[in-house]
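> Quick one: the structure is below, questions incoming.
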Amino acid sequence: MEYDFIKTRLAPCGLHCGKCFAFKEGDIAENSQKLKEQLGNFSVYAERFVDMLNKPVFKKYTEFKEMLDYFASGECAGCRNEHCKLFKDCKVRACSEQKGVDFCYQCPDFPCGNTGFDKHLNERSVKINKQMKEIGVVNYYSKIKDEPRY
């Protein structure tokens, strides 16, 4: 696995952009697009299945399709290419660029309180960066690349 590719998937904070629902080249967007294709014009059948199969869950298909359409849209190019669309107060990307580091653990001030994250996200980022420092970025990515982000 190439380090430069990994940087397209992992943000400087260590979060896995490639597994984020907003990432346009990510697993969620790609799999949602595939599911949309497979479902085709299922909405017509969902209406019929409510009575035909006595399954009221199909009444919720419209809401499900709306969510699926959103997941398939993938609006983000990743933290290193644009500002994060999830964490509006994130200061990590700008800080990493200013300090010339790829990941927070490479900064002499790590860990710091200058992330803009809430307590939970900051703790998660610190934990991830400590793992990357311990086993290396490539090994860390190999370990987590197929795990869900959420």
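> Let me spell it out: the conditions are (1) more than 19 Å from C79 (Cα to Cα); (2) assigned to a helix (DSSP H, G or I), and P108 meets all of them except one. Which number is the exception?
(2)
> Something else now. Tally up the residues in segment 57-86 that are assigned to a helix (DSSP H, G or I), over 17 Å from A29 (Cβ atoms) and either assigned by TED's automatic domain parsing to the domain that holds T115 or in contact with a helix residue (DSSP H, G or I) (Cβ under 8 Å, 6 or more places away or on another chain) (or both), please.
4
> Which of the residues belonging to segment 51-69 are modelled with pLDDT under 95 and surrounded by 14 or more Cβ atoms within 10 Å (Cβ to Cβ)?
none
> Only residues that are in contact (Cβ under 8 Å) with a residue 60 or more places away in the chain and buried (at least 17 other Cβ atoms within 10 Å of the Cβ): list them for segment 82-94, please.
Answer for segment 82-94, where residues must be in contact (Cβ under 8 Å) with a residue 60 or more places away in the chain and buried (at least 17 other Cβ atoms within 10 Å of the Cβ): C84, C90, V92, R93.
> Just to be sure I understand, how many residues within segment 87-105 are assigned to a loop (DSSP other than H, G, I, E, B) and under 16 Å from L10 (Cβ atoms)?
Qualifying residue count, segment 87-105: 5.
> Anything in segment 123-143 that is surrounded by fewer than 17 Cβ atoms within 10 Å (Cβ to Cβ) and either touching a Lys or Arg at 6+ places or on another chain (Cβ under 7 Å) or closer than 18 Å to C17 by Cβ (or both)? List them, or say none.
R124, K127, V138, S142, K143
> Next question, about the same structure. Which residue pairs have Cβ atoms closer than 7 Å, lie 6 or more positions apart in sequence or on different chains, and pair a first residue in segment 60-81 that is touching a residue at least 40 places away in the same chain (Cβ under 8 Å) with a second residue that is aromatic (F, W, Y)?
Once the first residue is touching a residue at least 40 places away in the same chain (Cβ under 8 Å) and sits in segment 60-81, its partners that are aromatic (F, W, Y) give F71/F21; G74/F23; C76/F23; G78/F23.
> Among the residues of segment 32-55, is there at least one that is outside the structural domain of V138 (by TED's automatic domain parsing), assigned to a helix (DSSP H, G or I), under 22 Å from I144 (Cα atoms) and in contact (Cβ under 8 Å) with a residue 24 or more places away in the chain?
yes
> Within the bounds of segment 132-149, is there any residue that is of a type in the set (S, T, Y), at pLDDT below 95 and either touching a helix residue (DSSP H, G or I) at 6+ places or on another chain (Cβ under 8 Å) or part of a loop (DSSP other than H, G, I, E, B) (or both)?
No: segment 132-149 contains no residue that is of a type in the set (S, T, Y), at pLDDT below 95 and either touching a helix residue (DSSP H, G or I) at 6+ places or on another chain (Cβ under 8 Å) or part of a loop (DSSP other than H, G, I, E, B) (or both).
The values are calculated or read from the model by the stated rules, or taken from the named source; none is laboratory data. The structure displayed is predicted, hence computed values, not measured ones. Positions of Cβ are generated from backbone atoms using ideal geometry, with glycine treated the same way; all protein chains shown enter the neighbour counts.
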